[in-house]
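Note sheet for the following structure.
The values are calculated or read from the model by the stated rules, or taken from the named source; none is laboratory data. All values reported here derive from a predicted model rather than from experimental measurement. We place every Cβ from the backbone using ideal geometry, glycine too, and count neighbours over all the protein chains shown. These accessible areas exclude ligands, DNA and RNA; they are computed on the full protein's heavy atoms, side chains included. Shrake-Rupley method; radii C 1.70, N 1.55, O 1.52, S 1.80 Å.
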Amino acid sequence: MPFIEVKKLSKTYQMGEVTIKAVENISFTIEEGELVVVLGPSGAGKTTVLNILGGMDTPTSGSVIVDGKDISKFNRKALTNYRRYDIGFVFQFYNLVGNLTALENVSLASQICKHPKDSLETLKQVGLGDRSGHFPAQLSGGEQQRVSIARALAKNPKLLLCDEPTGALDSKTGRMILELLQDTCHKEHMTTIIITHNAVISEMADKVIKIKNGMVADILIQKNPKLVKDIDW
Amino acid sequence: MLLFKNSFIKIQKSLGRFFSLIFIVALGSAFFAGVRETSSDMIRTVDNYYDTYSLMDYRIVSTMGLTEDDVLSLKKLLHVDKVVPGYSFETVVNGDATKIYGYLDDINQVAIIEGRELQNENEILVERGTYALGDTITLESDVLDFVKSTTYTVVGIVDSPMYIYENKGISTVSDGKLDTFMYILPSNFTLEYYTEVYLTAKDSVSKTAYQDDYKETVSCLNDELVELKPIRETARYEEILAQAMQEIYDAEDELNKQKQENDQKFADAKAELDNSEALLNQGWADYNNGKAILENTRVSMEKTFADTRSELEAGEANLNASLASYGISIEEVPSMIETLKSQVSSLEALLATLDPESAEYQAYSVQLQTLQTSVSGLEQINEAKATLDNGRKELEEGEATWTREYNASLASLNSAYQELIDGEAELDAGRATYDANYATYLAEIQDAEQQIADARAEVANLEKPVWYLFEREDIPGYTTFYDSATKVDSIAAVFPIFFILVAFLMGMNTMTRMIEEERGEIGLFISLGYSKAKIIASYLFYVFLATSIGLVLGLTVGYLIVPIIIYRVYVSMFVLPDLELYFNVLMSTIIAIVCFGAMSLVTYITANRNFKYMPANLLRPEAPKMGKKVLLEKIHFLWKRLSFTWKVTVRNLFRYKKRIVMTLIGISGCTALLLTGFGIQDSIGSLMDKQFGEIEAYDAIFFLDEETNEVGEEILVSLNEVNQYGILSMESFTFNANNKNIDLYLMAFQDVNSVDNFIHLKDEQGNPLTIDDYGVILSSKTADMLNVHVGETFGIRNSENELFVLKVSGISENYVNHYAYMSENYYEQIFGEKKYNAVMTTMDDDKISTIGNDLIDSGYFSSVQYITDSMNMFQDIIRSMNDIVLLILGFSTFLAITVLYNLTTINISERTREIATLKVLGFHDKEVSAYVYRETLVLTIFGILIGMGLGVLLNQFVMTVAETDEILFVKDIYGLSYLYTFLIMTLFTVVVQFITYFILKKINMIDSLKSVE
């Protein structure tokens, strides 16, 4: 049984009289410890999939089974708990709390978890051990994103979801972030899903799910994914 | 145009923000405009009232009345407009000290509330709330000295601009406090002089009362009056003096004339009496003389008769002797004679025949001769007998005649005697009458002379008449009203500015937030090529719309409702017409300009700030403010103990300083207002409790029907139903403080030891005070106003303006009215005599009205003053104060909710991303709320604490301002009020948090996070 099983997932938004189909009839599976890249152009519906997977949104139809539980049936509270205990998020714009130091940002997440990792250790893991006392505004974009990753990892989640984690970064910094994600995934056997519109990134994935117009266009399994440093940008 | 359409859509989308903006502007402008205008409205209202009923500017009263000459000279003054002489007097009507005026058509007119004006001399106008139309007013008969009649029918019920205050000033009758006033036609009065003259100054009608230009206008007249005063006083003095002297001279002349006439009359009477006496004496002399003569006559007559009788008896003896010699009895004589004669004749005839020489003859002759001798002897006897008989007869006749005459004389003498005795009695009576009359007359003369002497002395001591010049400020309540109005102004200086300040802060905050939220949109518009001006205009349009609606609402409420509420509170003790509302266009314009100006300035500055950035920058979210370590972090052991959410809270608190200030001002302001509202109630409530519960323990004061030096046994007996009674003198006086004449009640107790049964006199520390014979115990506020301390002296004046100086021997806790308590001994020392006019009593609560009515019915008491009446009066004040409290509470509630809501929503909207992040991280709704609330909560608690402090100050300020001359407020706020304030503020906070909980819940993670994708 796969770790994640998405079956016939559809999501429609009702905007007044217009019905927008964000995703339609999507199905795929993800194994535990896999690094998956969801690839697609803007507006293809990949973020919607991610949001649903992350428990931030609910599907209109279909089921999403994560670690044996169908989260599409979850109520508000169960979803919150799901986010709280099972999911780590990394956003394009980091979404750090500006008023907390790097360490505190990490702790903010870890303090509400059942089995968190040590915040400082996690920071060190992402290479920011010496900057733990800095505020987000005092950190560069890459550093901020690393704090954001550390925040996600410190929760010790079952699933790491990254929405365009390099979108706001230059390519060099972006690679460092992707390297960090790949390392983490491999070392810690952390199931990681990265959303991107950048096809190059997909080379690092164990599995690539291509989405177009709200539907799965192709699922590509790469037995030997490239290491980030080996990817030719 | 699209931009404006956009504005409308914005309004629709953020109705909460739009309405909170409207509300803020409305609240601020309503309070500001309303409270500011109230004072002018109040003054305008009374000024119109004064002008409509031609209230005088000056009133002149003279100790000796005013004359036509006075009026004429007043009319000649340069600055005078109307000079109207009039009459008035004071009397007691049904136990009320009442002033009765002759109604004047052209000055001090009355507002007829019910009924009609005076038409006949038997009609009367009465004060509102005293009598009903058709009632009959009967005055005591001693008023007939002033007026023609004592019975009048009520035809009209009126208000007078002369009596605008509940307290009508002092009176010369009854307990010294004027209770009511009435008007009758001036033609009713029979006085020879006017009792007063009313004046108005030229041009004073066009000036607003109380204002400087009014004061300046009337001061010209005042100067003239002050100048004229001594002249007229002297003139009147001389007039009265001349009149009095003339009267004295006339009296003296009359006396002299009377004296002359009467002296003559008495002299005549005396002469007559003397004459009568002389006559009487003469009568006595005559009488005695007559009596003597008669006696003499009687003696001589009796002697004569005796002589005659003895002669006759001698003759008879002779005769009898002769007879005896003849041997015959007298009766035989004539026959003897006849016999003898016949013998003679026979002898002669014999002889004739005989020779004469014959012896015979001879013998015969001798015989004849013997015969003849016998005859002649007999004849002689006979003759003698006749003579004797005759003599006896004469004697007897004489004696009878004499006896008759004598008796007649005697009778006449006796009647003369009687006459004389009568005459003497008459004379004596006459003399007695004369003496009595004369004595009376002399006494009368002396009396008259004494009177004249007295009159002379009086004239010599004649005091100059004094003119008392009264101005409007002497009208009871005239100044108090102005004070009330200016008090509103002082409140107006504090509260509204606070409201406006909060309103601006909130407006600024709202607009700043709005523009910051929409920076992306602004960037978009700029990049689309819209001009700055147009973009700003779209925001200005939004602000102007909100401000306009807010202003219309606020100014309407402010000018039409707020003044009425405040006026109701302040005039609860006045009798005045309804408030004339005024929509102050100028002030409205200023408020509008300020509001629009401030709002557009805020909008402009905030919007303009965004133009500095390039559109691309604007399209991205504003960089989060740099996080900063706060001071608290330096205290490691504390900081370590804080949870992360608390750390964030602390950091956030210090990050948004503007919001701290805003929140603190808002919350503390509302708290202060709430606490003040409760504090006002506490102050009045405790005033009631303290004054009528702790200090004044008596139930009623009964005023004796007449003043007395000794309260009679029968009156004391009539009091047997009451629990305790104390006899006292209670009179009204005035003292001068802050240039105002303020009423003071003087109570002089017969028995100072019983005072504690009725009034608990305590000093500030709560120690009981006792009244001594060397000074008065003065109520605390009075001492305060007079600035006197124990051992110092102060002056009070009675209604005749006489000054009395009293010494303070103690200062007692007191909250309502001004009192001076003293012993009757000290009273005697000050006023020269002891007297009583009232009885203070305590009774069982359920019997008060029964006993009270019985006592009034007994006729010994003219009126009664129940403590419950005073309490009710204060309850009225409290009721009206409650309106202000409600006003404050209402405004504060609105303000508090608006401020809290506004702040929280801004707080949320500023941090949507942060909140969304927390949600994504798996924070539960409650945790998210707590994360946001905690800041508000901390600020609210700090705000409440600061507000409590401010509230204490504000309450003190408000109570000081609201305090009238007669009332001392307790400025304590009860613990419960702090609790209520705290609870209410907490409730507001909770309500607002409850609302924001749902706002927070609605925040969509996905939308919030992707907004800048």
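Points worth noting:
- In a reduced charge model with +1 at each Lys and Arg Cβ and -1 at each Asp and Glu Cβ, segment B:904-977 shows a dipole moment near 540 debye about its Cα centre.
- Using θ = phi - 60° in the Karplus curve 6.51 cos²θ - 1.76 cosθ + 1.60, the 3J(HN,Hα) couplings for segment B:952-968 round to 4, 5, 5, 4, 5, 4, 4, 5, 5, 5, 6, 4, 9, 4, 8, 10, 10 Hz; x is entered for Gly and Pro.
- Between the residues A:Ile195, A:Gly16, A:Asn51, the greatest Cα displacement towards the positive end of the dipole of segment A:4-230, with unit charges on the Cβ of Lys, Arg, Asp and Glu, is found for A:Gly16.
- For chain B: relative contact order, % (alpha-carbon pairs under 8 angstrom, 6 or more apart): 17 percent
- Amide H contacts of B:Ser863 (H built 1.01 Å from N, under 5 Å, at least 5 apart or other chain): B:Phe703
- Calculated log₁₀ intensity ratio I(q)/I(0) where the Debye formula runs over C-alpha points of chain B, q = 0.07, 0.10 Å⁻¹: -0.86, -1.23
- Ordering B:Ala429, B:Leu576, B:Leu939 by Cα displacement along the dipole of chain B toward the positive end leaves B:Leu939 in first place; charges were set at the Cβ atoms of Lys, Arg (+1) and Asp, Glu (-1).
- Normalised by the number of residues in chain A, the mean separation of alpha-carbon contacts (under 8 Å, six or more apart) gives a relative contact order of 27 percent.
- With the whole protein complex present, B:Asp96 retains an accessible surface near 50 Å², based on a 1.4 Å probe.
- Rounded to the nearest 20 debye, the dipole size of the protein assembly as shown about its Cα centre is 22940 debye, using +1 on the Cβ of Lys and Arg and -1 on the Cβ of Asp and Glu.
- In terms of accessible area, using a 1.4 Å probe and ignoring ligands and nucleic acids, B:Leu642, B:Leu199 rank largest first as B:Leu642, B:Leu199.
- Accessible area, probe 1.4 Å, largest first, for residues B:Tyr980, B:Tyr210: B:Tyr980, B:Tyr210
- Each other residue within a Cβ distance under 11 Å of B:Glu396 adds +1 if Lys or Arg and -1 if Asp or Glu, for a net charge of -1.
- Environment charge of B:Tyr406, counting only residues whose C-beta is closer than 11 Å and scoring Lys/Arg +1, Asp/Glu -1: -2
- The protein assembly as shown shape via C-alpha gyration tensor axes, a/c threshold 1.5: prolate
- Taking a straight Cα-Cα cut-off under 30 Å and skipping sequence neighbours fewer than 8 places away in the same chain, the lysines within cross-link reach of B:Lys690 are B:Lys168, B:Lys177, B:Lys487, B:Lys740, B:Lys762, B:Lys781, B:Lys807, B:Lys847, B:Lys971.
- Reach of A:Lys207 by Cα under 20 Å, taken over lysines that are not fewer than 8 positions away in the same chain: A:Lys7, A:Lys8, A:Lys46, A:Lys158, A:Lys187, A:Lys223, A:Lys226, A:Lys229
- Cross-link partners of B:Lys385 among lysines (Cα-Cα below 24 Å; sequence separation of 8 or more within a chain): B:Lys303, B:Lys341, B:Lys393
- The heavy atoms of B:Tyr237 offer some 50 square angstrom of accessible surface to a 1.4 angstrom probe.
- Net charge over other residues, Cβ less than 13 angstrom from the Cβ of A:Asn156 (K, R count +1; D, E count -1): +2
- Relative contact order %, segment B:712-849, counting alpha carbon pairs below 8 Å whose residues are six or more apart: 34 percent
- For the protein assembly as shown, with +1 on Lys and Arg beta carbons and -1 on Asp and Glu, the positive-most of B:Ala324, B:Ile240, B:Gly677 along the dipole: B:Gly677
- Computed accessible area, A:Thr29, all protein chains, 1.4 angstrom probe, square angstrom: 50 Å²
- Accessible area in the full protein assembly, largest first, 1.4 Å probe, for B:Phe583, B:Phe994, A:Phe3: B:Phe994, B:Phe583, A:Phe3
- 5 Å binning of all Cα-Cα separations within segment B:506-572, expressed as whole percents from 0 upward: 4, 14, 16, 16, 12, 9, 8, 7, 6, 5, 3, 2, 1
- When the GluC sites (Glu not before Pro) in segment B:655-718 are filtered for DSSP coil states and for at most 16 other beta-carbon atoms within 10 Å of their beta-carbon, the remaining sites are B:Glu710.
- Residue-wise HN-Hα coupling along segment A:21-38, computed from phi with Karplus coefficients 6.51, -1.76, 1.60 (Hz; x: Gly, Pro): 8, 7, 9, 9, 6, 8, 9, 6, 10, 9, 8, 4, x, 6, 9, 10, 10, 9
- Cα-based shape type of segment A:4-230, given that a ≥ b ≥ c are square roots of the gyration tensor eigenvalues and the cut on a/c is 1.5: prolate
- Charged-residue dipole, Cβ positions (Lys, Arg, Asp, Glu), chain B about Cα centre, Debye nearest 20: 17300 debye
- 5 angstrom amide H check on B:Tyr165, placed H, neighbours 5+ away: B:Val575
- Sequence-ordered 3J(HN,Hα) estimates for segment A:189-206 from the Karplus curve with 6.51, -1.76 and 1.60 and θ = phi - 60° stand at 6, 8, 5, 10, 10, 10, 9, 7, 9, 8, 4, 4, 4, 4, 5, 7, 8, 6 Hz, glycine and proline given as x.
- Proximity of backbone amide H atoms, modeled 1.01 Å from N, is registered between B:Gln724 and B:Thr842 at under 5 Å, excluding neighbours fewer than 5 places apart on the same chain.
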